[in-house]
Amino acid sequence: MSATSQHTHPTPRVVPAAPRPTRTGRRRSGAVARAPWLLLTPFLALFALTFILPIIVAVISSFTKVTRRGLFGEAGITSSFAGFSNYAQALADGNFIASIGRMLLFGVVQVPVMIVLCTILALLLESASARWPGFFRAAFFLPYGVPGVIATILWSFLYVPGLSPLYSFASVFGLSPDFLGPNTVLWSIANIVTWSYTGYNMLIIIAQLKAIPGEVYEAAKVDGASPVRVAFSIQLPLIRPALVLTTIFSIIGTLQLFAEPQVLQSVSPAIDSQYTPNLSAYTTAFAYNDYNVAAAQAVLIALVAFILSFAFLAVTNRKSS
Amino acid sequence: MTPLTRRQIMRAGLGAAALGLLSGCATPGTRTVNAAPVIPPAGGNVTIEYWSWLKDLQPVADIWNAANPNVQVKTVWIPSGNSGGYPKLYSALAAGGGPDLAQVEFGVIPSFMMVNGLVDLSRYGAAEFAGRYDKTLWNQVSYAGGVYGIPQDSGPMALFYQPAVLGKVGAAAPATWDEWAGVATELRKTKTYMDCFPLADASFFTALTSQAGARWFRAEEDGWVVNMTDDATMKVARFFDNAIDKDIVQTGFGAYSPGWFAAAGSGEIASLTSASWGDALIEGVQGAAGKWKVAKMPVWGSSGYGSSYLGGSTAAVLANSKHPREALEFAAWLTSSHAGVDAEIKNCGIGWSPSPGFIGTTRQKPSAFFSGQNYNEEIFAPAATEQNPQWSWWPSQQQSFNILSDGFRKKASGTTLVDSIAMAEQQIMTVFRNSGLNIRKESA
């Protein structure tokens, strides 16, 4: 601290009065130390109020239990410490566990498909032979600009029998698909999600591709490398950080899937009120009014997301070292 | 002592604010409003807010506002119940706010009572209005000696059918469910379904068991008594197990879904057993004018009742209302006065009037859409009197319905409805116990 203050305010060597400069110095150093906090205050206050505090409240709530007397609790209601009983109840709920399992299955299939797809699109658009890359980049990105709810409504009209032209198209080939059945609706949702987010992930990868210095490409050209060779030996290794980032975002996004199944529920009887973990927590909290178990579910969802993200990071880091 | 720095003050302030917020964050809905003193009627002018998913309700409220300058009513539209309205109301209640009045379906009243969300209107003179309402409906808003909502509309059930489609197999509207199954089997040979059975929405099945004479929940001194495996329920479950196995009902979509509208328009669905409010929705089927008629709901042989209620809602006074008496008076005017009922029918297309004395002026006339049939007076008015008076709703109704439909969905993988109901009953009992309520299975 004092080192910085001396640096910013050098005292003249000829003046021997020691205490005064140190006092001003200390005050200065205090001001310098305070400044970032002061500037951070608006952020920190909001961050604490809207992020840290709700998390603390949710965790506390997840350890609370409500007991009622009478037919509706009209004879008295008490809240008490519950230990892990809310967690036990959440974990004993087969539908909640099934929803996490469903999202894992969804993630195992949808995330790789989307990452491969967006990588291919990015490589194609950044290749030397691409035509109108600006137009196609915007076109691929466009679905991301459509809100998830609207995207789902758009797609639902392509999924509903009797309204969708896809059914009559498929019947030409003797197929009778069922996009909204119990076994297929998950992949219909995966299709919507892929449609929405591929372009967004593609942009992140393109940004990283653009950061590859031109000399590397020139060197490859001098060595006579084919475009495929360039992609596999130069581009893919160099965009690894972007791939890791988009994969982690996608894993977290998968666990937080909410709007698409919620909207598609109205046309597909196969989607129940606990189809995804978030839908499950939402239903528990706001339809069943069981805020405490919902809080426990939310904490569990966060834990699973943490574990998956860190496991993925650990695996990719081990590979690189 | 060193003077406090700004940072220390700030820190202390943040800490205090955080503590204050944390202590304010007790689990919502754990304070009882009905133990608090009665709020006397206000002397001066008051404004009442009514949250409802009825469209164009404000013009109706304006009729009241013109006659009652002291009690002005402001309506706010919310999404319908389970599609977002209830979460919104619950959140508002949890935050200590919310409107004076809210639209709450009959079956959901106990769930709102569980979070102490409703005012007991018997403390504000609800008894003086009781005589205006259908007894079955009044019974469904009365719990534990209190009154927790004013019936607003209901849905007596009947059979909407397309005579031309039934005519393909030479059938008329079936009078019993057995006849219904016979007609459905014949229709299936012509690639037509009689009706759909909604696997995802248990309210239809529940309404049919009520018609058959079931009484799932009973409130006793020592807690709730459940019986979802009685003969009436099992009869309905076996009937639809059979119908689904024989593929004579459509299970791919439910009534009023986009797929249903398409099928109803093209004549692939012959009929619809539904509530009186279904008439407006059927009028939305493309090219349907003159193709539909209404018949009495099929009955379960000699036992049970002539009809059942499907849907229907109340105007309930919410816990944080500052003017419960004024809200009650408005609700009673809205739902039982001629002016209120007629305006609600005209502007909001409300369901069946809860007041047996007056079904609404426009509903006393024949309908051009239904080929000149005076179906409201002929079919629905009698249906409203042929109800199961013992049926009563219970807390966590929505969760119970979800548990039931989760079981119904397993029908595709071979579980019968009969088995899934027995399992659902166990799960629902667990739900009751988890929320701290006493429940036991009906013995014998």
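No value in this document is a laboratory result; all are computed from the given coordinates. Computed from a prediction, not measured in an experiment: that's the story for all the values here. In this analysis, Cβ positions are derived from the backbone assuming ideal geometry, glycine residues included, and neighbour counts consider all displayed protein chains.
Order of B:Val431, B:Val71, B:Val317, B:Val38 from fewest to most other C-beta atoms within 10 Å?
If I rank by nearby Cβ atoms, fewest first, I get B:Val38, B:Val431, B:Val71, B:Val317.
Calculate I(q)/I(0) for region B:238-329 by the Debye formula, one identical point scatterer on each C-alpha and no solvent, and give its log10 at q = 0.13, 0.20 Å⁻¹ to two decimals.
Here log10 of I(q) over I(0) equals -0.66, -1.09.
Which net charge results for the neighbourhood of B:Pro99, defined as the other residues with beta-carbon distances under 12 angstrom from its beta-carbon, given Lys and Arg at +1 and Asp and Glu at -1?
+1
With labels modelled as points extended 7 Å from the Cα through the Cβ direction, what inter-label distance (nm, one decimal) is found for B:Thr385 paired with A:Ala92?
About 5.0 nm, to one decimal.
Say R0 is 22 Å: what FRET efficiency, to the nearest 0.05, do A:Ala75 and B:Arg218 get from their beta-carbon distance?
Result of the calculation: an efficiency of 0.75.
Hey, fewest Cβ within 10 Å first, where do B:Tyr86, A:Tyr144, B:Tyr309 land in order?
Listed from fewest to most nearby Cβ atoms, that is A:Tyr144, B:Tyr86, B:Tyr309.
Neighbouring Cβ atoms within 10 Å as the yardstick, rank B:Thr229, B:Thr385 fewest first.
B:Thr385, B:Thr229
Can you give the FRET efficiency for A:Phe47 and B:Arg433, using 1/(1 + (r/R0)^6), R0 = 56 Å, r = Cβ-Cβ distance, to the nearest 0.05?
Efficiency computed from Cβ-Cβ geometry: 0.90.
Using alpha-carbon pairs under 8 Å, 6+ residues apart, how would you state the relative contact order of chain A in percent?
23 percent.
Tell me, what are the semi-axes, in whole angstrom and largest first, of the equivalent ellipsoid of region A:93-320 as set by the roots of 5 times the Cα gyration tensor eigenvalues?
36, 24, 14
Please give the Cα centre distance for region B:133-183 versus region B:230-276, rounded to the nearest Å.
14 Å
From a point 7 Å beyond the Cα of A:Thr184 in the direction of its Cβ, which residues of region A:137-176 have a backbone N at a distance under 20 Å?
Only A:152-176 pass the distance filter.
Karplus couplings for region B:270-279 from phi (6.51 cos²θ - 1.76 cosθ + 1.60, θ = phi - 60°), rounded to Hz, Gly and Pro as x?
8, 8, 8, 8, 7, 8, 4, 6, x, 4
With only alpha-carbon atoms counted, please give the Rg and Dmax of region B:21-177, in Å.
20.2, 70
Just want the answer: with Cβ charges of +1 for Lys and Arg and -1 for Asp and Glu, which residue in A:Leu38, B:Ala36, B:Ala264 is farthest toward the dipole's positive end in the protein assembly as shown?
In the protein assembly as shown, that residue is A:Leu38.
Taking the square root of 5 times each eigenvalue of the Cα gyration tensor, what semi-axes in Å does the equivalent ellipsoid of chain B have, largest first?
41, 28, 21
Using Cα-Cα distances under 8 Å and only pairs 6 or more residues apart, what relative contact order does chain B have, in percent?
After rounding, I find 25 percent.
With springs only between Cα atoms under 10 Å, which of B:Phe261, B:Phe204, B:Phe112 fluctuates most in a Gaussian network model of chain B?
B:Phe261
Over all pairs of distinct alpha carbons, what does the Kirkwood formula give as the hydrodynamic radius of region B:311-432, in Å?
Its Kirkwood hydrodynamic radius stands at 18.1 Å.
With the Cα gyration tensor of the protein assembly as shown giving a ≥ b ≥ c as the square roots of its eigenvalues, does the rule (a/c under 1.5 for rounded; else a/b larger than b/c for prolate; else oblate) give rounded, prolate or oblate?
Oblate is the answer for the protein assembly as shown, as a/c is 1.5 or above yet b/c matches or exceeds a/b.
With a Förster radius of 30 Å, plug the Cβ-Cβ distance of B:Ala289 and B:Lys346 into 1/(1 + (r/R0)^6) and report the FRET value to the nearest 0.05.
Calculated transfer efficiency: 0.90.
At 7 Å along the Cα-to-beta-carbon direction for both A:Leu175 and B:Ser83, put a label point, then send me their distance in nm to one decimal.
Here the modelled spin labels are 3.1 nm apart.
Label B:Lys191 and B:Ser302 with points 7 Å out from Cα along Cα→Cβ: what is the distance between them in nm?
Roughly 4.3 nm, to one decimal.
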